[in-house]
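The values are calculated or read from the model by the stated rules, or taken from the named source; none is laboratory data. Values in this document were obtained by computation on a predicted structure and should not be read as measured data. Methodologically, a virtual Cβ is constructed for each residue, glycine included, from the backbone with ideal geometry; neighbour enumeration extends over all protein chains shown. Accessible surface is based on the protein model in full, side chains and every heavy atom, while ligands, DNA and RNA are left aside. Shrake-Rupley method; radii C 1.70, N 1.55, O 1.52, S 1.80 Å.
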Amino acid sequence: MKVIVNGLEREVNESHLDGALKDLSLDLSYAAIALNGKCIPKSQFNQTKITEGDVLEVLVPQAGG
Amino acid sequence: MMWKLAGKTFKSRLILGTAQYPSPEVLCQSIRKSEVEVVTVSIRRQNPEGKAGGAFWDLLKKENVQFLPNTAHCRSAKEAVLTAHLAREIFDTHWIKLEVIGDEESLAPDPFELVEAARILCSEGFEVFPYTTEDVVTAERLVHAGCRILMPWASPIGSGQGIVRPESLARLRARFPETTLIVDAGIGKPSHAAAAMEMGFDGVLLNTAVAMASDPEAMACAFSQAVKAGRLAYKAGLMPPRASAVASTPFNQTFFSESRPQ
């Protein structure tokens, strides 16, 4: 199914967030995920369902003032 | 002298931003040499290649410092609250430097959205460090929302203008004697930082003045010493200004004291 990841259309096969993130081959060691505008804690990745057209944001650390 | 910030004990009263340095190595050296213990960080979208944080984060995470994530560029309470939630996941801290920008030109905060975001985040257990102005009404609302710390600006972010309204900042200090007040934004020189500390502020947060210096490591040290000097001067008790000159050397026992009227 098609989902939007950080503004780009991507294809994932898994219907749960943890599987979908593996499909995307992202380094999640220091990342946080927002699904459709809501932060999803890591502990809930395997219970969170993904559907066609969902919007995922994958955020990582950066320098800031 | 140790002090408490949001329940944690620190030695340094200088908080340093981590952006705009020539390299991550220079940033880390600046942190070490200035003995800063709290640094601000931010979050961004991950690159499509998928590396988390890059060289910046690989180095910074090894420093023994408290991270204070920010909500930079947020324009609404909704954006700021989501950013705070994401930052908590990444940095494993409930501390958040709350920035909600209301005007793109001055980067002044939006007081309405700021207070709303502070109310939500405080109720969720965050330790909120709101970037605000010297406006006492906004400050009062933020304290009411649950903020134990306020971070009034000295002048607009990145301007380096220093304290442009000292009377207003002094009034804020006087009105909130029990609240931790950290001057954030607009500090351009060590003397600006010292002036803020002399006024009785609890700390100073800055970034650009160090990062953009020709020698950031030396400038970080200069700011560190200025903050210490300002605090020491405040504790020592500054003399009140006088309207006219008063000679410091005694006049009475000079050989010409009798022949000249005072």
Exercise. Using the Kirkwood radius over Cα pairs, work out the Stokes-Einstein diffusion coefficient for chain B at 10 °C and 1.306 mPa s, in µm²/s as a whole number.
Key: 81 µm²/s
Quiz prompt | Semi-axes of the equivalent ellipsoid for region B:5-84, Cα gyration tensor, largest first, Å | solution = 23, 19, 10
Exercise. Take the Cα gyration tensor of the protein assembly as shown, multiply each eigenvalue by 5, square-root it, and list the three semi-axes largest first, rounded to whole angstrom.
Key: 46, 21, 15
Quiz item: Once both axes come from the Cα atoms, what is the angle between helix B:216-236 and the longest principal axis of chain B, in degrees from 0 to 90, rounded to 10?
Solution: 50 degrees
Quiz item: Label-point separation (nm) for B:GLU258 and B:GLU49, each offset 7 Å from Cα along Cα-to-Cβ?
Solution: 8.9 nm
Practice problem: Report the accessible area of A:SER25, computed with a 1.4 Å probe over the heavy atoms of all protein chains in place, in Å² rounded to the nearest 10. | Solution: 90 Å²
Practice problem: Return the distance in nm (one decimal) between the two label points of a simple spin-label model at B:ALA247 and B:GLN161, each offset 7 Å from Cα along Cα→Cβ. | Solution: 4.3 nm
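Quick check for you: with a 1.4 Å probe and neighbouring chains kept, what is the accessible area per residue of the protein assembly as shown, in Å²?
Values: 16160 Å² over 327 residues.
Dividing the accessible area of the protein assembly as shown by its residue count gives 49 Å².
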Quiz item: Given the C-alpha centroids of region B:108-180 and region B:198-262, what is the distance between them in whole angstrom?
Solution: 26 Å
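For B:THR179 and B:ALA6, compute 0.36 nm times the residue count separating them, minus their Cα-Cα distance, and round to one decimal in nm. Don't skip to the end; give the middle numbers.
On the way: separation 173, 0.36 × 173 = 62.28 nm, distance 1.05 nm.
Roughly 61.2 nm would be gained on extension.
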Exercise. Springs between alpha-carbon atoms under 10 Å, Gaussian network over chain B: tell me which of B:SER30, B:SER224, B:SER159 tops the mean-square fluctuations.
Key: B:SER159
Quiz item: With springs only between Cα atoms under 10 Å, which of B:GLU35, B:GLU178, B:GLU25 fluctuates most in a Gaussian network model of chain B?
Solution: B:GLU178
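Over its Cα atoms, what ratio of radius of gyration to 2.2 N^0.38 Å does chain A give?
Dividing the Cα radius of gyration by 2.2 N^0.38 Å gives 1.06.
Which value, in square angstrom to the nearest 100, describes the accessible area buried between chains A and B on both sides, using a 1.4 angstrom probe? Don't jump to the answer; show the numbers that get you there.
On the way: alone 4400 and 14060 Å², together 16160 Å².
Separately minus together, A and B give about 2300 Å² buried.
Could you order B:SER123, B:SER257 so the one with the most accessible surface comes first? Probe is 1.4 Å.
Working: B:SER123 95, B:SER257 25 Å².
Sorted by accessible area, descending: B:SER123, B:SER257.
Once R0 is set to 30 Å, what does the formula 1/(1 + (r/R0)^6) return for the Cβ-Cβ distance between B:MET239 and B:GLU104, expressed as a FRET efficiency to the nearest 0.05? Mind showing how you got there, number by number?
Details: r = 43 Å, r/R0 = 1.42.
Efficiency computed from Cβ-Cβ geometry: 0.10.
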Quiz item: Which value in nm describes the separation of the simple spin-label points at B:PHE112 and B:VAL26, placed 7 Å from the Cα toward the beta carbon?
Solution: 4.2 nm
Quiz item: Gaussian network model of chain B, Cα springs within a sub-10 Å range: biggest mean-square fluctuation belongs to which of B:ARG231, B:ARG44, B:ARG148?
Solution: B:ARG44
